[in-house]
Structure formats: C-alpha cells, structure tokens
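The values are calculated or read from the model by the stated rules, or taken from the named source; none is laboratory data. None of these values were measured; they are calculated from a predicted model. A quick note on method: Cβ atoms are made from the backbone with ideal geometry, for glycine too, and the neighbour counts reach across all protein chains shown. Ligands, DNA and RNA are excluded from the accessible area calculation, which covers all protein heavy atoms including side chains. Shrake-Rupley method; radii C 1.70, N 1.55, O 1.52, S 1.80 Å.
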Amino acid sequence: MEPVAGCNAGGTHYLCGPAVPGGPRPVLYTDSEGQASLIAESLAEALTLAIALPSWHDALAGFRPPALSSDYLDDHPDHPVVRDRLLATLRLPPATEQEVLDRLLATASRTVPDGSLPHVPDEENSAFQPMLEPLAD
C-alpha cells in the first residue's frame, strides 16, 4: 500500500500491490469515516474517475443518474468542456459519465465485502468497511 494522494475531505488514495515496471496498480480510497473501496484498476483510471465523475463518492453511496451529478452540474455547467480538456491534456482517453460509473461500480464490487479490507499503514483505524452501498429497491 503506497499513499499517493489526499483529498479535501480527509481521505487518502493508495496504490495497491507490488510495483511492476510499466504495470498498473489498483487504487484504494479510504475516507475519514472508516470506509474504503477499490475505485480504479490503475492511477490513470483513478484520474479519469475524478475528472469525469467528480461525484463518484455519491455513486458508492447508491446515487445514480440523473440525481448523481445534478448538484455538481448545476454549480459547474461548464464541466463537460473542462472534463474533455483535462482528459486530452493528460492524454487520457475520452470517457463518459456512464462508462466511468460502470468501471467504478465493477471495481468497487471487488472490495472485500465482509469488512476485512487490507490494513493501511499509518491509519488510526484500519478496520475499514466497504463504501459501496447496495441500490435501494
């Protein structure tokens, strides 16, 4: 587990697994509330997630379009233009909200469901619970 980034909400992003030259490493996110989730198969995918779906935390809490990004888009109506420009500048492939959401949910579903997530060094409480909430019927 290698910490690579923090966020303004107190969370930390970690690269998981052994570093293999040229090989991807999954990204685990831990929040300040004792929850964690795999969020991407690689750092590039995690960047695409943050750029294309800034409300990804809400997706793990069970929100889906159109409610998922509505508040964010109301406050940032230029997001599609900014998203496309950032992805191009970082040489990341174009991505729609739905594509990124599908990848996030597939990756998050691989997080150990019984709460026995990997130990994160230097975290006060490393008994994390999965962040992914099942959809309400």
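Rounded to the nearest 20, the size of the Cβ-charge dipole of the chain about its Cα centre is 540 debye, with Lys and Arg at +1 and Asp and Glu at -1.
Quick one: accessible area per residue over the stretch 1-52, 1.4 Å probe, rounded to a whole number of Å²?
Per-residue value: 46 Å².
In degrees from 0 to 90, rounded to the nearest 10, what is the angle of the helix 97-108 Cα long axis to the longest principal axis of the chain? The helix 97-108 is inclined about 10 degrees to the chain.
Among Val82, Val100, Val20, the largest mean-square fluctuation in a Gaussian network model of the chain (Cα springs under 10 Å) belongs to Val20. Taking amide hydrogens as placed 1.01 Å from N in the peptide plane, the amide H of Leu132 sits under 5 Å from that of no residue at least 5 positions away in sequence or on another chain. All other residues whose Cβ lies under 12 angstrom from that of Leu101 are scored, Lys and Arg at +1 and Asp and Glu at -1, for a net of -2. Amide hydrogen proximity for Gln35: with H placed 1.01 Å from N in the peptide plane, the residues at 5 or more positions away or on another chain lying under 5 Å are Gln129.
Computed over the stretch 1-63, the P(r) tail beyond 15 angstrom holds 50 percent of alpha carbon pairs. Taking the protein heavy atoms of the chain in the context of the full set of protein chains, the accessible area attributed to carbon and sulfur is 57 percent at 1.4 Å.
Set against the 2.2 N^0.38 Å expectation for a compact globular protein, the chain has a Cα radius of gyration ratio of 1.05.
In the chain, helical runs assigned H by DSSP with n ≥ 4 each contribute -39500 (n - 2.57); averaged across all residues and rounded to the nearest 500, the mean residue ellipticity at 222 nm is -10000 deg cm²/dmol.
When the chain is treated as a Gaussian network with alpha carbon springs shorter than 10 Å, the biggest mean-square fluctuation among Tyr14, Tyr72, Tyr29 belongs to Tyr72. Taking His13, His76, His57 as the candidate residues, the one with maximal mean-square fluctuation in a Gaussian network model of the chain, Cα springs under 10 Å, is His76. In this structure, the amide hydrogen of Ala5, modeled 1.01 Å from its nitrogen in the peptide plane, lies closer than 5 angstrom to those of His13, counting only residues at least 5 positions away or on a different chain. Once all protein chains are placed together, Leu90 keeps about 90 Å² accessible to a 1.4 angstrom probe.
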